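Take a look at the structure set out below.
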Amino acid sequence: MSCMCTNVEGVERMALRAGTIKPDSPYTFILPPGFKELRISNTQNGNFCQPWTEVVYEDGKVGKVQLMAVPLLKLTNVKNPNITQLGTPAELLPRIGPYITGSYYDEDSLQAMSTLQPGDGLTYYEYELNSLDAASAPRSLTVATAKGEVLYLLVCTASEKQWKGAEATLRTVAESFRA
């Protein structure tokens with residue numbers, strides 16, 4: 001139920017939200033200066049919906065970064081699976097695509113996908129989408145992994161204008177994510 005976010009200035013902070021994230025096993029990601037934390041409504045924080053939004057940050061010039069948590073019971077009946085047990089990146093994307101876009105997933109929006117193994121014992125799937133029907137911004141870069149009872153989705157979004165100047169920054173944020 002907690003996270004530790006470390007920005008490039010080395011400031012650490014804890015955030016609490018509803019859910020099953022273990023306090024002794026926080027997630028981390030790099031957050032560049034300029035991002036401000038946004039308020040999360042009760043309808044997004046897990047009290048009323050699943051998946052829930054854990055934290056949201058925004059920089060008007062760069063885009064938005066949000067961490068979503070999906071209870072694995074929505075995706076499998078296997079207890080504490082790793083992400084590969086949920087399927088390949090291509091098999092999992094149609095099931096989580098609506099969480100990423102905030103609307104529906106169109107397979108034509110997929111720009112790239114890959115598997116990352118950064119050495120922390122977890123496997124991460126990375127997806128780049130350009131979804132014109134997305135609820136927020138059309139460009140998104142998402143890193144997903146499963147740990148415990150939760151599928152974590154770090155979703156970085158930007159408008160086309162923001163993406164042109166901030167793609168490298170958003171990739172750094174996404175690829176720094178560890179659960």
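Tabulated data
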read-out	value
Positions within the stretch 69-83 being under 15 Å from the mean Cα position of the chain (by Cα) and open to solvent by 20 Å² or more (accessible area, probe 1.4 Å), in sequence order	Pro71
Any pair with Cβ under 7 angstrom, 6 or more apart, that starts in the stretch 84-107 at a residue that is open to solvent by 50 Å² or more (accessible area, probe 1.4 Å) and ends at one that is part of a helix (DSSP H, G or I)	Tyr104/Pro98
Of all residues in the stretch 110-139 being crowded, with 16+ Cβ neighbours inside 10 Å and in contact with a Gly (Cβ under 9 Å, 6 or more places away or on another chain), the one that is nearest to Asn77 (Cα to Cα)	Tyr127
Residue match in the stretch 160-169 (condition: among the β-branched types (Val, Ile, Thr) and out of contact with any Leu (no Cβ under 9 Å at 6 or more places or on another chain))	yes
Per-region count, the stretch 84-101, residues more than 16 Å from the chain's Cα centre (by Cα), of a type in the set (Ser, Thr, Tyr) and not in a loop (DSSP other than H, G, I, E, B)	1
Test set (1) within 19 Å of Glu54 (Cβ to Cβ); (2) surrounded by fewer than 18 Cβ atoms within 10 Å (Cβ to Cβ); (3) free of Cβ contacts under 8 Å to residues at least 40 places away in the same chain - Lys164 fails condition number	(1)
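The values are calculated or read from the model by the stated rules, or taken from the named source; none is laboratory data. Note that the coordinates shown come from a computational prediction; the quantities given were computed from them, not determined experimentally. As a convention, Cβ positions derive from the backbone with ideal geometry for all residues, glycine included, and neighbour counts pool all protein chains shown. Side chains included, ligands, DNA and RNA excluded: accessible areas come from the protein's heavy atoms. Shrake-Rupley method; radii C 1.70, N 1.55, O 1.52, S 1.80 Å.
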